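Worksheet for the structure shown next.
The values are calculated or read from the model by the stated rules, or taken from the named source; none is laboratory data. Because the structure is a prediction, the values reported are computed rather than measured. Cβ coordinates were reconstructed from backbone atoms using ideal geometry, including for glycine residues, and neighbour counts include every protein chain displayed. All accessible areas refer to the heavy atoms of the entire protein, side chains included, with ligands and DNA or RNA removed. Shrake-Rupley method; radii C 1.70, N 1.55, O 1.52, S 1.80 Å.
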Amino acid sequence: MTRRFTQAIVRTPSPSMIEGLTSADLGAPDFHLALEQHHQYIEALRQCGLKVTVLEPLDAYPDSCFVEDPALCTEHCAVITRPGAPSRRGEAALIKAAVGFFYDYMEQIEAPATLEAGDVMMVGSHYYIGLSDRTNQEGANQLIAHLRRYNMTGSVVPMKEMLHLKTGVSYLENNQMLVCGEFARNDMFSEFDCIEIPTEEAYAANSVWVNDKILTPAGFSQSHRLMREAGLELIELEMSEFQKLDGGLSCLSLRF
Ligand code: CIR
């Protein structure tokens, strides 16, 4: 059954975001434009019926607006992760209180494991976990053990190219999935109704289901046509400044 969301947590970008990690080669983000885009993103979450908790910017952590990575919010428990990027590791401790406000049950990924929740994709009560440069096998093992304790399951997805699992694959409920690049035509996802995102529009593969609407980055017309043909209702958002930091739509919030 489809899980509906009522809450979201986001973190306001800090001016230090211009020093965030990136492989994109699109230049440094414009901080003020990023703030405006972040504001529009929050409004879109509200439009989808979510109550949004907005956390303070963290100057010491340039990538800390990407709150998806330091925590995983499931239906039954939250898991505080241990980010694989050393410059992001401290973000985990700093999101714990905000997440703990909403959850009675909290788990923790411990060293030597690393896990960033951008590598974790929810499909009902099953979680796909990408093994990336940021998430190691021990991280996946610990997460699967935590999930089992609450009658949920997890499985690993080998990865070769993408930053995070959800950089290239997004589950949009009702058996529909966006797939791109190394995940297109992956046997692991053959049971789903896959919409293949063209590689030149790869950034659109990170789109987010929020209560029957799909938040998707503006400007990817081929992908949007395919998604509309599949019956999806889209909310397009300008995301250029976050794209410069390899950050997609899912990364900017925790939804639960
Ligand atoms: C990073 O490299 O960690 C950030 N610049 C982008 C994080 C994006 N997060 C995500 O895909 N879940």
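Structure summary
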| read-out | value |
| --- | --- |
| Scope region 42-69; condition crowded, with 23+ Cβ neighbours inside 10 Å and part of a helix (DSSP H, G or I); matching residues | Leu45 |
| Residue count, region 208-256 (criterion: touching a Leu at 6+ places or on another chain (Cβ under 6 Å) and of a type in the set (S, T, N, Q)) | 1 |
| Search result, residues across region 191-219 that are open to solvent by 30 Å² or more (accessible area, probe 1.4 Å) and not acidic (Asp, Glu) | Cys194, Thr199, Ala202, Tyr203, Lys213, Gly219 |
| One residue from Ala113, Ala97 being farther than 25 Å from Asp246 by Cβ, more than 16 Å from the ligand (Cβ to nearest atom) and more than 17 Å from the chain's Cα centre (by Cα) | Ala97 |
| Residues (in contact with a strand residue (DSSP E or B) (Cβ under 9 Å, 6 or more places away or on another chain) and without any contact (Cβ under 8 Å) to a residue 40 or more places away in the chain) located in region 224-242 | His224, Leu226, Arg228, Glu229, Gly231, Glu233, Leu234, Glu236 |
| Matching residues in region 165-185 - criterion: being open to solvent by less than 70 Å² (accessible area, probe 1.4 Å), charged (D, E, K, R) and in a loop (DSSP other than H, G, I, E, B) | Glu173 |
| Residues of region 81-93 satisfying the condition of being open to solvent by 70 Å² or more (accessible area, probe 1.4 Å) and either within 15 Å of the ligand (Cβ to nearest atom) or in a loop (DSSP other than H, G, I, E, B) (or both) | Pro86, Arg89 |
| Only one of Leu21, Leu72 that is modelled with pLDDT of 95 or more, closer than 26 Å to Gly130 by Cα, assigned to a strand (DSSP E or B) and open to solvent by 10 Å² or more (accessible area, probe 1.4 Å) | Leu72 |
| Residues of region 160-199 classified as touching a helix residue (DSSP H, G or I) at 6+ places or on another chain (Cβ under 8 Å) and either of a type in the set (Phe, Trp, Tyr) or without any contact (Cβ under 8 Å) to a residue 40 or more places away in the chain (or both), total | 16 |
| Residue among Ala140, Ala98 that alone is farther than 20 Å from Glu182 by Cβ and either part of a strand (DSSP E or B) or of a type in the set (A, V, I, L, M) (or both) | Ala98 |
| Residue check for Leu131: touching a residue at least 12 places away in the same chain (Cβ under 8 Å) and either open to solvent by 20 Å² or more (accessible area, probe 1.4 Å) or of a type in the set (Phe, Trp, Tyr) (or both) | yes |
| Condition broken by Asp25, with the remaining ones in (1) away from the ligand (no atom under 14 Å from the Cβ); (2) over 19 Å from the mean Cα position of the chain (by Cα) satisfied | (1) |
| Any chance Ala28 is part of a loop (DSSP other than H, G, I, E, B) and touching an Asp or Glu at 6+ places or on another chain (Cβ under 9 Å) | yes |
| Qualifying position, being open to solvent by less than 10 Å² (accessible area, probe 1.4 Å) and over 25 Å from Glu107 (Cα atoms), among Met162, Met227, Met188, Met152 | Met227 |
| Residue satisfying condition, being open to solvent by 10 Å² or more (accessible area, probe 1.4 Å), at pLDDT 95 or above and of a type in the set (A, V, I, L, M), within set Ala78, Ala111, Ala117 | Ala111 |
| Unmet requirement for Ala140, which otherwise passes all of (1) farther than 24 Å from Val10 by Cβ; (2) surrounded by fewer than 16 Cβ atoms within 10 Å (Cβ to Cβ); (3) not acidic (Asp, Glu) | (2) |
